[in-house]
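Read through the structure below, which is laid out as structure tokens, and then see the notes.
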């Protein structure tokens, strides 16, 4: 079982010390600082301070942690294979269980608009929780919403929640009225959905699939005709590459050098100056030996992410 | 081409990619002895969203080049020349305009998709027409597969078995796609139930002997099938399995008195499909008799198995798949049913395939056994060889 140790080029970014010892399921920058929250299959959630490259906190859960998110700089939420939804308080090292799903919980988001924690699980439900209720699940669970299939990815923007499930289903909810989805769709991609992320401007969302494609969708179909303001976004794949795209012009702007392993997660810092890259085998080839996990934080140059002016077509060769 | 190292590539990226005059040392992926692997590395890229291109548009005709920075060498239509973007958009509109009015047209779309654009990840769902429901469903995500592997590992199942199970799962799914590709297009077959593929949180059963490992059934599984037409058929595809054994081996089963009720089930006929299950079954050679047994007189009963010796209660699961428990016809004279892990209680019933009900509809497989004295089901313990192949009549099945 000999692995080629491939060293990434220095430009890959600064490698964080004390990375997780097993697969990284997600990583997120804080909205208020350069803290990075990382969830891992080694059952731990870790908080890093990127500016000092130090580990600020570590929480051990009962099973693989499949997702995490910040609440504010002092606390966050984490979910995973032990079916529990937890709030973790960083400085104190304390954790509370908000509640449980019936199967592993795959995604967690915190909605500032609603003041609620939203979770999606392989038990085919999305649940909303009120984190202020410290005691048992009866008090904290606000609602549970059945999905057509196992939930694979969630994204929030404003009052909207986008839920992507197995079987290519997409449900779009208005958080103010969760009794039924605002829209029910099937993915416009042909293969299994991997990830959904809403545009920061709230006009739509991007969906990615295992075929390696990204679809850009709008909430309001009448806006689709205007097709502006996609903005730029980054994608990371199992090939170890991170690409930066201009959605508006439908062009790739930049590609970073290959990372040692699959790109498991990406996160931009609040000011867009940093990009955290989780280089971590994502099991796309099943159980096998793989490179050790690593987190790289790189500076993002404006030139890499700024959309270019529309290119004129090349004259015929 | 000069042999100097390319400075831009060293620093992160080079716009010229393969065309660059300087050297781009490529990192190689480590070889892995494990893992079901990727036999074909086609289009295994993350940088080819539909319609997106690279500035300056390179038009290489090698669809498998995926690791060149800035090089979008993939093309939907390799025969096109420099008009790649118009060609792509032409093809794009053709597919975007696709309406499912003509099954032959649908078939063409499917064939093209599955030929050119199969993802690396095989446990995927698929729809030939965007925004439409899946034609092939029952997908499994990387994380679910990983969770299963970790769960099994925790229960002491050896790595080799885990890998084998994963490989079998993948093979089954690939076979499903092959079958779908081969059969005429009949419209999207939506699954009426979803796979229940990972172990319940409260796992009470120990792992079956012999390292038999695959998915566990949720005890709650029946509840997900409310209001469907017909009995839940999570192993719908699996039903084809007996075909592999029974059709080709006309040995008579041990006889018994008649009176056995028939329970029709819908099995796919696909001769190719059962072979997909060969691998999934073959890793348990000890459990099956050396001579696969199938009674010559087939009735419309699927092969099934009753509670194993030593189990006094019938498996709860029998209510879930009343007639579709997949087993190749086993020689009931064989003295090894104790090793048959199917007989262990419900929650550890395992199936190597992710259940999906996308079998070609409307086809029946004749399987079954010789008539059986139904009083056999009244016994509390069975001697090896006594348990009939056929499913017990409904009257004996606890619901």
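Quick look at the numbers
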| item | result |
| --- | --- |
| Residue list for region A:186-202, restricted to those being farther than 28 Å from residue A:285 by Cα and either at pLDDT 95 or above or crowded, with 21+ Cβ neighbours inside 10 Å (or both) | A:198 |
| Among the residues listed as B:132, B:123, the single one being more than 17 Å from residue A:213 (Cβ to Cβ), at the interface with chain A (Cβ under 9 Å from one of its Cβ atoms) and in a loop (DSSP other than H, G, I, E, B) | B:123 |
| Residue that is at pLDDT 80 or above, closer than 21 Å to residue A:205 by Cα, surrounded by 19 or more Cβ atoms within 10 Å (Cβ to Cβ) and more than 9 Å from chain B (Cβ to nearest Cβ), where the choices are A:274, A:266 | A:266 |
| Residue selected from region A:163-180 under the condition farther than 23 Å from residue B:125 by Cα and touching a strand residue (DSSP E or B) at 6+ places or on another chain (Cβ under 7 Å), by the criterion surrounded by the fewest Cβ atoms within 10 Å (Cβ to Cβ) | A:174 |
| Members of region A:84-96 that are free of Cβ contacts under 8 Å to residues at least 40 places away in the same chain and either in a strand (DSSP E or B) or buried (at least 17 other Cβ atoms within 10 Å of the Cβ) (or both) | A:84, A:86, A:89, A:94, A:95, A:96 |
| Flag for residue A:240 being within 29 Å of residue B:148 (Cβ to Cβ) and out of contact with any helix residue (DSSP H, G or I) (no Cβ under 9 Å at 6 or more places or on another chain) | yes |
| Residue list for region A:100-129, restricted to those being more than 23 Å from residue A:174 (Cβ to Cβ) and part of a strand (DSSP E or B) | A:100 |
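The values are calculated or read from the model by the stated rules, or taken from the named source; none is laboratory data. Everything quoted here is computed from the prediction, not taken from an experiment. Cβ sites come from the backbone with ideal geometry, for glycine too, and all protein chains shown count toward neighbours.
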